[in-house]
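Have a look at the structure below, then the notes.
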Amino acid sequence: MTNRRNFMKLAALGGGAVFVSGLTGCAQALSRNESSLSGYDEFFFVQLSDTHWGYKGPDNPDSANTLKKAVATVNALETQPDFIMFTGDLTHTTDDPVERRKRLAEFRDIVGALKVKNVHFMPGEHDASLDRGAAFKEYFGQSNYTFDHKGVHFIVVDNVSDPGAKIGAEQLAWIQADLAKQAKDAPIVVFTHRPLFDLAPKWDWATRDGAQAVALLMPYTNVTVFYGHIHQENHHMTGHIAHHSAKSLIFPLPAPGSQDKRAPLPWDPANPTKGLGFREVEAEVKEAEYKITEYPVTRS
């Protein structure tokens, strides 16, 4: 299992703070029924989000190198994760379908340098909303899917390919059918790009039918949601379900509703990676809890 001391040392060398918090959901369900621990094992994964490959602008003058630095930072971890999850906006939006595919191909080639080869992808609206995910699927396969890892069931929900910022009736039915196969106390992790709850609807920080997805998840006692899109940490509860957003790897955005219009925070030349980072999520089943550790991207 991961040596947390080594992770904290690495994060400190990167010049950023380490945030660790317990997650609800899986921990509570497993602790209520110790027999549920049978067949489960400890593991951890890394979540990266909102790389926006192809972006050029004053909010990150080093945008041509930030993704490559993030790959190098993850590769430098003393213990490599079980898998890596990219939660959308792999590329920056473009109206040109040829350029869109070029950016997706370049992104794929850059992250191909990751030591860990068990890597999962999902689209953001920058990747998918203009063509309903057609180009994304050409390079990365289905935009919604499930997988299982060491006793935990993962559900990847596409709430971006519909330009109306919806999951859609067909996918909601798919989620319902998948959940019907799971025990009510099964450990479930959901990945989305947009938040499933109304965080800041006027900034497009919501999913129009997200409440329907949350209602489908609510009968399950052991659910945690990880998402991207808002370019910062945010921790929110809908009932017993915890929702955790990830930092971006291109530029940070302001706190939800803190100003009239959403706009990237100004780039700080003295601290060019300020507000950027990625996340380790560690499942310590013997302790019956998940823990999150946030990491900065190193400058070198």
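The values are calculated or read from the model by the stated rules, or taken from the named source; none is laboratory data. Nothing here was measured: the structure is a model prediction, and the numbers come from that model. Glycine also receives a Cβ, built like all others from the backbone with ideal geometry; neighbour counts cover every protein chain displayed. When the accessible area is computed, the model is the full protein with side chains, heavy atoms only, and any ligands, DNA or RNA have been set aside. Shrake-Rupley method; radii C 1.70, N 1.55, O 1.52, S 1.80 Å.
Computed quantities for the displayed model
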{"read-out": "Long-range neighbours under 8 Å by Cβ, at least six apart or interchain, first residue more than 19 Å from Asp89 (Cβ to Cβ) and in a helix (DSSP H, G or I) within the stretch 67-79, second open to solvent by 60 Å² or more (accessible area, probe 1.4 Å) and basic (Lys, Arg)", "value": "Asn75/Lys115"}
{"read-out": "Filter pass, Lys181 being among the basic types (Lys, Arg), open to solvent by 50 Å² or more (accessible area, probe 1.4 Å) and closer than 30 Å to Asp109 by Cα", "value": "no"}
{"read-out": "The stretch 221-256, residues that are among the hydrophobic types (A, V, I, L, M, F, W, C), under 16 Å from Met122 (Cα atoms) and part of a strand (DSSP E or B)", "value": "Val225, Phe226"}
{"read-out": "Any hit, the stretch 121-133, residues being open to solvent by 40 Å² or more (accessible area, probe 1.4 Å) and in contact with a strand residue (DSSP E or B) (Cβ under 9 Å, 6 or more places away or on another chain)", "value": "no"}
{"read-out": "Some residue of the stretch 165-176 being of a type in the set (A, V, I, L, M), over 18 Å from the mean Cα position of the chain (by Cα), within 17 Å of Thr224 (Cα to Cα) and at pLDDT 95 or above", "value": "yes"}
{"read-out": "Enumeration of residues in the stretch 135-160 that are in contact (Cβ under 8 Å) with a residue 24 or more places away in the chain and in a helix (DSSP H, G or I)", "value": "Ala135, Phe136, Glu138, Tyr139, Phe140"}
{"read-out": "Single match in Thr93, Thr79, Thr87 (criterion: open to solvent by less than 20 Å² (accessible area, probe 1.4 Å) and either polar (S, T, N, Q) or at negative phi (or both))", "value": "Thr87"}
{"read-out": "Residue match in the stretch 99-116 (condition: among the basic types (Lys, Arg) and part of a loop (DSSP other than H, G, I, E, B))", "value": "yes"}
{"read-out": "Qualifying residue in the stretch 278-291 (condition: over 18 Å from the mean Cα position of the chain (by Cα), of a type in the set (D, E, K, R) and open to solvent by less than 60 Å² (accessible area, probe 1.4 Å))", "value": "yes"}
{"read-out": "Residue within the stretch 121-134 that is under 20 Å from Asp50 (Cβ atoms), part of a loop (DSSP other than H, G, I, E, B) and touching a residue at least 60 places away in the same chain (Cβ under 8 Å) present", "value": "yes"}
{"read-out": "Answer residue from the stretch 218-247, given it is of a type in the set (Gly, Ala, Ser) and open to solvent by less than 50 Å² (accessible area, probe 1.4 Å) and is nearest to Asp185 (Cα to Cα) among those", "value": "Ala242"}
{"read-out": "Residue list for the stretch 85-98, filter: within 20 Å of the chain's Cα centre (by Cα) and either over 11 Å from Ala135 (Cβ atoms) or assigned to a helix (DSSP H, G or I) (or both)", "value": "Met85, Phe86, Thr87, Gly88, Asp89, His92, Thr93"}
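To keep it simple, each residue is scored yes or no on (1) at pLDDT below 95; (2) acidic (Asp, Glu).
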residue: Asn65; (1), (2): yes, no
residue: Phe86; (1), (2): no, no
residue: His92; (1), (2): no, no
residue: Pro97; (1), (2): no, no
residue: Arg108; (1), (2): no, no
residue: Gly112; (1), (2): no, no
residue: Val119; (1), (2): no, no
residue: Met122; (1), (2): no, no
residue: Glu125; (1), (2): no, yes
